[in-house]
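The values are calculated or read from the model by the stated rules, or taken from the named source; none is laboratory data. Because the structure is predicted, anything quoted here is derived from the model rather than measured. Note that we place each Cβ from the backbone using ideal geometry, even for glycine, and neighbour counts take in every protein chain shown. Areas reflect the complete protein model, heavy atoms only, side chains present, ligands, DNA and RNA absent. Shrake-Rupley method; radii C 1.70, N 1.55, O 1.52, S 1.80 Å.
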Amino acid sequence: MEKREKFTSRMGFVMACIGSAIGLGNIWMFPYRLGAYGGAAFLIPYFLFVLILGTTGLITEFAFGRAFGGGSMTGISEVFRERTWKGGKIVGMLPAIGLLGIFMFYNVVVGWILKYLVMSGTGKLAKVDKNTYFTEFAGSAASIPWDAVAIFLTVLVICAGVVKGIERISKIIMPALFLIFIVLIFQSLSLPGAMEGVKFLLQPKWEYLLKADTWVMALGQAFFTVSINGCGMVVYGSYLKKEYDIPHLAVSTAVLDTLAAVLASFVIMPAVFAFGLDAKSGPPLLFMTMPIIFEKMPGGTILAVIFFISLLCAAISSSINMLEGVVEAILSHSKLTRKKAVIFVGVVTFVLSVPLNLSMTTFDQFTNLITVVISPLMALLVLIVFYYLHNGEKALAAINEGAGKPFGKRFLAFAKYVFVIVTILVVILGIVYGGIG
């Protein structure tokens, strides 16, 4: 196994974690939910869940990784050895396999973004029918080469390592993403009729706080937006120095991730309402609605390029975390070099994702299985191993190491009894609703 790297700065770590957390869900799902579930009223349960539950999940996964000096596979294997149980490596592999599943479908979407970015830059996007082109392209063999390019870009970053790859690129991509959002916000808000979109986002509809769906969707958005999946953030935590304050870093990550989601809302919804278009969530918003908007806006070609660059920044930064989570598991339990492990995972992912490129039905079914069931179950697995099978007191000590304001036993009780139950609830509600994240 190669020598384990560490993040060289707190800022580098936070930028990497924000990169993982800020994904396409912030851009294509949060704006719609904010408006559809009560406007400013939706922010009350959402902020509540992010700051209490989201940070608890991040704190747990960061501390788990740092405490065992490795990813989920290392930590789970060690706990099983402590208890003289067999099967630790098999169980420990599960979070990495789940993350590989996310990486598979996620890069299909990154491929779509790359395709639209190139089309925007060459002017081809202006010449196609926005309502039909995406449905003809997605789910066809034409998307396969773009998926390959998306995986290749992530492979290049991960091959460079934690410091020269992940940390360096995150310090560039994340500030650039926020800057692009701010530029696009000014342009979006300057459009005639844009204030209707602002009202959609911020006008509080207090009666929605009495509806269960509002709280369920806020819970799902908060849980998944900070990238709690039992693997990726655990691996990033394993690259943390002992003196770093984990609770503080977790709060910083959650707050900046939320800020990105709010900024994205003010990029998209004012423009959608200005042109009287449908504020759908999901791929149609990014690949059908937004291109129509840019076609009608002054300087739309340049703005479309900038917009798809922002999407690429958000997507690639998340993809980097996914690939690193899988690669770390291989590096920790084999003699492969980093480059060989990365290339191996990249090739395997590409081959396995071909069916996802060829059928949107297969893509949707696979995506739902991973996000609705597998991902939260893997987060639950890490919670149970850390707080129950390992030792609650040791877990608390690991969390408090380097903390400016150490947590007491109340946090431990909250994590063990409240957060674990909420995570189980997220799995059940996800199945009932067909997805809440």
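Residue 295 falls short on exactly one of the conditions (1) assigned to a helix (DSSP H, G or I); (2) within 17 Å of the chain's Cα centre (by Cα), and that condition is (2). Residue selection: residue 302 satisfies the criterion of being in a helix (DSSP H, G or I), surrounded by fewer than 19 Cβ atoms within 10 Å (Cβ to Cβ) and at pLDDT 90 or above.
The residues listed here are 80, 7, 62; of these, the one that is aromatic (Phe, Trp, Tyr), touching a residue at least 12 places away in the same chain (Cβ under 8 Å) and in a loop (DSSP other than H, G, I, E, B) is 7. The residue that is most open to solvent (accessible area, probe 1.4 Å), among those in segment 394-407 that are in a loop (DSSP other than H, G, I, E, B) and touching a residue at least 12 places away in the same chain (Cβ under 8 Å), is 405. Taking (1) open to solvent by 20 Å² or more (accessible area, probe 1.4 Å); (2) farther than 30 Å from residue 295 by Cα; (3) without any contact (Cβ under 8 Å) to a residue 60 or more places away in the chain in turn, residue 88 satisfies each apart from (1). State whether the residues of segment 35-45 include one that is farther than 20 Å from residue 216 by Cα, open to solvent by less than 40 Å² (accessible area, probe 1.4 Å) and under 21 Å from the mean Cα position of the chain (by Cα). No, segment 35-45 has no match at all.
One residue stands out in segment 243-275 among those that are out of contact with any helix residue (DSSP H, G or I) (no Cβ under 7 Å at 6 or more places or on another chain) and of a type in the set (D, E, K, R): the one that is most open to solvent (accessible area, probe 1.4 Å), namely 243. Looking across segment 311-328 at every residue that is open to solvent by less than 10 Å² (accessible area, probe 1.4 Å) and of a type in the set (A, V, I, L, M), the one that is farthest from residue 114 (Cα to Cα) is identified as 327. Test residue 146 against the criterion of being aromatic (Phe, Trp, Tyr), out of contact with any His (no Cβ under 8 Å at 6 or more places or on another chain), buried (at least 19 other Cβ atoms within 10 Å of the Cβ) and touching a residue at least 60 places away in the same chain (Cβ under 8 Å), and give yes or no. Criteria not met by residue 146. Screening segment 329-344 for residues that are open to solvent by 20 Å² or more (accessible area, probe 1.4 Å) and small (Gly, Ala, Ser) and picking the one that is farthest from residue 65 (Cα to Cα) gives 334. Cβ separations smaller than 8 Å between residues 6+ apart or across chains give the following pairs from segment 128-142 residues that are farther than 15 Å from residue 283 by Cα and free of Cβ contacts under 8 Å to residues at least 60 places away in the same chain to residues that are open to solvent by less than 50 Å² (accessible area, probe 1.4 Å) and not basic (Lys, Arg): 128/119.
Filtering segment 171-188 to residues that are in contact with a Gly (Cβ under 7 Å, 6 or more places away or on another chain) and open to solvent by 10 Å² or more (accessible area, probe 1.4 Å) leaves 171, 173.
State whether one or more residues within segment 373-389 are closer than 20 Å to residue 221 by Cα and open to solvent by 60 Å² or more (accessible area, probe 1.4 Å). Yes, segment 373-389 has at least one match.
For the residues 24, 53, the requirement of being open to solvent by 10 Å² or more (accessible area, probe 1.4 Å) and either on the phi > 0 side of the Ramachandran plot or of a type outside the set (Phe, Trp, Tyr) (or both) singles out 53. In summary, helices (runs of 4 or more DSSP H) completely within segment 108-209 and bearing 2 or more residues that are hydroxyl-bearing (Ser, Thr, Tyr) occur at 130-137, 168-189.
In this entry, residue 234 passes the filter for residues that are of a type outside the set (S, T, N, Q), open to solvent by less than 50 Å² (accessible area, probe 1.4 Å) and at pLDDT 95 or above.
For residue 398, the test of being under 19 Å from residue 55 (Cβ atoms) and of a type in the set (Gly, Ala, Ser) is passed.
Within segment 39-59, identify whether any single residue is at pLDDT 90 or above and not in a helix (DSSP H, G or I), and answer yes or no. For segment 39-59, residues at pLDDT 90 or above and not in a helix (DSSP H, G or I): absent.
Restricting attention to segment 374-381, does a residue exist that is outside any helix (DSSP H, G or I) and under 30 Å from residue 153 (Cα atoms)? Checking segment 374-381: not a single residue is outside any helix (DSSP H, G or I) and under 30 Å from residue 153 (Cα atoms). The lone criterion from (1) open to solvent by less than 40 Å² (accessible area, probe 1.4 Å); (2) in contact (Cβ under 8 Å) with a residue 40 or more places away in the chain; (3) within 21 Å of residue 228 (Cα to Cα) left unmet by residue 414 is number (1). One residue alone among 96, 67 is open to solvent by less than 30 Å² (accessible area, probe 1.4 Å), aliphatic (A, V, I, L, M) and out of contact with any strand residue (DSSP E or B) (no Cβ under 9 Å at 6 or more places or on another chain), and that residue is 96. Please specify each residue of segment 210-231 satisfying the condition of being open to solvent by 10 Å² or more (accessible area, probe 1.4 Å) and outside any helix (DSSP H, G or I). Result: 211, 227, 229. Screening 276, 300 for residues that are more than 25 Å from residue 222 (Cα to Cα) and touching a Phe, Trp or Tyr at 6+ places or on another chain (Cβ under 6 Å) leaves exactly one candidate, 300.
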